[in-house]
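The structure appears below as structure tokens.
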Amino acid sequence: MNNILLLEDLPEIRTWLKVLINQVFPQSQIHEAARVHDALELVSAVKFNLALCDLGLPDGSGVDVVAALRESQPECQSVVVTIHDDDDHLFPALQAGAFGYLLKEQARELIAEQLKRMSQGEPPLSPSIARRVISHFAAQTRQQERPQNMPHVALTDRENEVLLRVAKGFTLPEIGVQLNLSRHTIADYVKQIYRKLNVSSRAEAALEAQRLGLFRRN
Amino acid sequence: MKGAEDLQPHIHLNRHCIKRTDPPDEGGAQSAPMSNPMSNPMGMQKHSATRISRGAAALLLVVLAWAAVLLAPATARAAAAVVTITSAQAAQATNDQFLGEQAPVPVTLPDDWSDSRPRFDGLVRYRVQFDRPPGVEPNELLALGIDRVCSNVEVFLNGQRIYSGGRMTEPVTRNCHYPQAVTLPSALLQERGNTLDLLVRGHALQRVATRQQAAGLSELRIGPQALIAERQASRTFWSVSAVQIVAILIGVLGIVMIALGWMSRQAAYFSYFGWLSLAWALMSLRVWWRDMPWDNGVIEFLFCTAFAPIVALAVQFLLSYADLRSRWIENALALQWVLLPVTLLLGGPSRLFGLASAWYVVLAIETFAVMALYLWVSWRHRRHDFWWMLAILGAACVLVVVELAVQYDVAGPPLLPLLQVGVPVLLLGIATRLLQVFARALQAAEASRNTLEARVREATAEVEHNFAQLAEMRVEQVTEKERKRIAADLHDDLGAKLLTIVHTSESERISTLAREALEEMRLSVRGLTGKPMRLADALADWRAETVLRLSQANIEADWRSPTEETEQLLPARSFVQTTRILREAVSNIIKHSGASHCKVRCAISDRQFGLTVQDNGKGIPMELDGKLDRGHGMASMKHRAKQMQGQCLMESGPGYGTVIRLTLPL
């Protein structure tokens, strides 16, 4: 972890997070930003390995930075750090390409633990997020007017199985036991689910943009 | 017959012609095959009454009943002492000089000039001799009764002029429909050998439009003044007053119908009918208006001409009433209107009768044809109208046929103006029907208006309902937006500050409190903004959180909830409160119980939802007052349950673990 982007507008929290990141990734260089505008400038200048983005910022939403990173630096892991725990806020960030989320008020040790797991490829997945993902893909499947060149992103049966169980309230370790799968395999499924969510969301966004363009032309 | 033998020697000139009107003779006269029904007035009245009554006119029935009452006693008394004179000496006269230059010749009364002096147009003097009728009191006032004299008469008794019916020169007073009753002054009257001269002004048949206007003189009756006057009065009623009454009736009716037609443009037949009635009422003026300011030729021409528009209106009425319309027929009728007067003018006054009679046939045929057409259409499409109109039109046909028969001298002339009384009565019948139809249409319109109103009310209610829904939605949207704004503000301001406290406070206790406050805030916001969620989803969220927390605390979690899908919804507030209760319970287990195992059970029924959390820890210690320790947040858990109309029960004892039972209504 060489370059880490830290996007946070509250100075105290930023300082606190910086200390925390330094503990988890001692060798890293942290680039701080308090505004979306500054973060985007950093993104165009620096190649990041990890980005911690707050959502509610004075000049916009951290989702834009997540999307920009996803676009220009696909190998960078974006994690949303937020005070909002509701999926109305989290889901758009996940669609934009975030790999996981941290709730700011959690204890230092807990955040450090989660951050470590995420960097190792074990993103979290709550039941409500799982339900949103399920309904997202269900809506995608229903769309008939998908253009031919649009990639059709579908979940595998295993991925679906994992999603359904998460949605029912089972924890990832429990599902691992139920499906007789290792902790890493389950984590891979979840990563795949996030990745596909991002891809299909971008396809959807492109389709939407195309549609709006058509309307404007008429 | 002794009386009759006594009477005979007193009559000088026409002993064979004067007969005593005994009751048996009167009866015989009614049934006798006399060529002239003029001598048969009662029979004629009954006959016409029977016909007209076919028109089902209640009005006429009433009048008839009245007439019967009126006539019956008169007839009985008239039998007593009235002599009927059926012959006279007659000669044409050019001036007042009696008999003029021609010698008088005997004539039989009634005397129709068309038979006795064809084409003669002018004055004729009739002379009869009579004695005072026997059986009459010597001082009884006598009178002369003439059923019909056309057009006018002056009466002389023993050389003295005692009566004049009006003007004897053009324009001649038209008395054809007026029975005459002339009082014979006692001073001029002798016991025997009275000479009665009648100077009659008449028009040749050829110069009039209908046979009723042709010159003639009926039988003469001499008898007590009271009897004669009464008889003539009742005859006047039928031949004049009845016509006037029905004319006024249909005149008024016509105006009403015209008004109706003017108001409802679609129903043109009202207008046609109105004008038809009005025209007929005007035409019947000829019957009772004696002193018209024109001479005979003009009046007769106008009268005959009037038939063209009347027939046109009748035709148009029937067609329009049958919902038919033909430009062709309309044009033909208009043409006829012009053609009829033109032919009459071309023919001249001396050919009026012949031309008029021919036209009558043409007009009658037209009328019959349209009636047949109407009845056919009516039978096909409007059966409810058929029978009523069949009766009326049938009666009208009979009237027209009788009138034509009279005109062509197939039947003797009736004393009554049949057509002038009968047609208005039939028009009244049709009007009744029209008004009935109109009333029904009005009712139907009223009903449809009510239906429309009801529909408008429904539509209005629907619009109002939709509007209310829209307004409600709008209110919801605004509320939602406002709640989101409050939530955002809470997160941005309060949340940020609490967060800062969490991560900057030196004291672990304060940062824990701040963290809890933040969680509380978050739940409150969710309760504020959240939508109802599926109970199954809520259970999944609770399970994930509970199992995660317990496992992180190394406590074995055993969560069992119904596996079948339920669609029941949980309000956001209930979700939030239950989350708090459950969170508190789990926190208690982790912090205080020292348990190694935790069992959670869920039960869902239609009405309620139950959650049981049981641990195998050391239990909650009792306080002095016998209640469970408040430090464990038991009171707030109970309070929250109460807020949701549910309850939260706790059972605990040292060494027995704790059971928390939460029950919520759905």
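Given the rule -39500 (n - 2.57) for each run of at least 4 DSSP H residues, summed and divided by the residues of chain A, what is its mean residue ellipticity at 222 nm, to the nearest 500 deg cm²/dmol?
-19000 deg cm²/dmol
If you take all C-alpha pairs in segment B:262-338, what percent of them are over 22 Å apart?
Within segment B:262-338, distances greater than 22 Å cover 33 percent of Cα pairs.
Which of B:Lys599/B:Lys642; A:Lys18/A:Lys104; B:Lys484/B:Lys638; A:Lys104/A:Lys196 have a Cα-Cα distance over 18 Å?
B:Lys599/B:Lys642; B:Lys484/B:Lys638; A:Lys104/A:Lys196
Please report A:Tyr194, B:Tyr374 as a ranked list, fewest other C-beta atoms within 10 angstrom at the top and most at the bottom.
Lowest count first: A:Tyr194, B:Tyr374.
For segment B:531-619, I need the span (max minus min coordinate) of the C-alpha atoms along each principal axis, in Å, sorted largest to smallest.
36, 23, 21
Write down the Kirkwood hydrodynamic radius of segment B:270-414, to one decimal in angstroms, obtained as one divided by the mean of 1/r over all alpha carbon pairs.
Kirkwood hydrodynamic radius for segment B:270-414: 16.5 Å.
Which of B:Val425, A:Val65, B:Val659, B:Val83 has the fewest other C-beta atoms within 10 Å, and how do the rest follow up to the most?
B:Val659, B:Val83, B:Val425, A:Val65
Kindly put B:Lys497, B:Lys642 in sequence by how many other C-beta atoms sit within 10 Å of each C-beta, fewest to most.
B:Lys642, B:Lys497
Report the Cα-based extents of the protein assembly as shown along its three principal axes, largest first, to the nearest Å.
Principal-axis extents of the protein assembly as shown (Cα, largest first): 171, 71, 45 Å.
In Å, what Kirkwood hydrodynamic radius results for segment A:3-119 from the alpha-carbon pair distances?
13.8
Take B:Ser164 and B:Arg440, extend 7 Å from each Cα along the Cα→Cβ direction, and tell me the distance between the two endpoints in nm.
Reported label-point gap for B:Ser164 and B:Arg440 is 5.9 nm.
For the residue pair B:Asp409 and B:His384, what label-to-label distance in nm results when each label sits 7 Å from Cα along the Cα-to-beta-carbon direction?
Between B:Asp409 and B:His384, the label points sit 5.1 nm apart.
Rounded to the nearest 0.05, what FRET efficiency do B:Val401 and B:Gln92 give with R0 = 25 Å and r taken as the Cβ-Cβ distance? Could you check?
0.10
What would the Debye formula give as log10 I(q)/I(0) at q = 0.08, 0.10, 0.13, 0.14 Å⁻¹ for the alpha-carbon point model of chain A, no solvent?
The Debye formula, applied to the Cα set alone, gives -0.30, -0.46, -0.77, -0.89.
Would you mind giving the mean number of other chain beta-carbons within 10 Å of the Cβ of each residue in B:531-544, as a whole number?
Per-residue shielding by partner chains comes out at 4.
For segment B:126-282, place one equal point scatterer on every Cα, skip the solvent, and apply the Debye formula. What is log10 of I(q)/I(0) at q = 0.08 Å⁻¹?
Result of the Debye calculation: -0.36.
For segment B:516-666, restrict the atom set to alpha-carbon positions and state the Rg and Dmax in Å.
Radius of gyration, then largest Cα-Cα span, for segment B:516-666: 15.0, 46 Å.
Report the local net charge at B:Thr479: Lys and Arg +1, Asp and Glu -1, summed over other residues whose C-beta lies under 13 Å from its C-beta.
So the environment of B:Thr479 carries a net charge of +2.
Using the alpha-carbon centroid of each, what span in Å lies between segment B:530-556 and segment B:147-162?
For segment B:530-556 versus segment B:147-162, the Cα centre distance is 131 Å.
For segment B:459-525, compute Rh as the Kirkwood radius over C-alpha pairs and then the Stokes-Einstein diffusion coefficient at 20 °C and 1.002 mPa s; write the answer in µm²/s, rounded to an integer.
Reported coefficient: 149 µm²/s.
Treat each spin label as a single point 7 Å out from the Cα along the C-beta direction, and report the A:Asp38 to B:Arg325 distance in nm.
That separation, rounded to one decimal, is 8.9 nm.
What are the radius of gyration and Dmax of segment B:352-467, computed over its Cα atoms and given in Å?
23.6, 83
Nearest 0.05, what FRET efficiency do B:Thr612 and A:Ala45 give at R0 = 56 Å with Cβ-Cβ as r?
So, using R0 = 56 Å, E works out to roughly 0.45.
Given the convex hull of the Cα atoms of segment A:156-210, what is a quarter of its surface area in nm²?
Mean projected area for segment A:156-210: 4.0 nm², to one decimal.
Residues of segment B:569-586 with backbone nitrogen within less than 17 Å of a virtual label 7 Å along the Cα-to-Cβ line of B:Lys642, please, listed as ranges.
B:577-578, B:581
For an R0 of 45 angstrom, estimate the FRET efficiency from the Cβ-Cβ distance between B:Ala488 and B:Ala454 and round to the nearest 0.05.
My answer for the efficiency is 0.35.
Taking 0.36 nm per residue of separation and subtracting the Cα-Cα distance, what length does fully extending B:Ser605 through B:Ser186 add?
Stretched out fully, the B:Ser605 to B:Ser186 stretch lengthens by 138.4 nm.
Only the coordinates and a few stated rules stand behind these numbers; no lab work does. The model shown is predicted, which means the values in this text are computed figures rather than measured ones. A quick note on method: Cβ atoms are made from the backbone with ideal geometry, for glycine too, and the neighbour counts reach across all protein chains shown.
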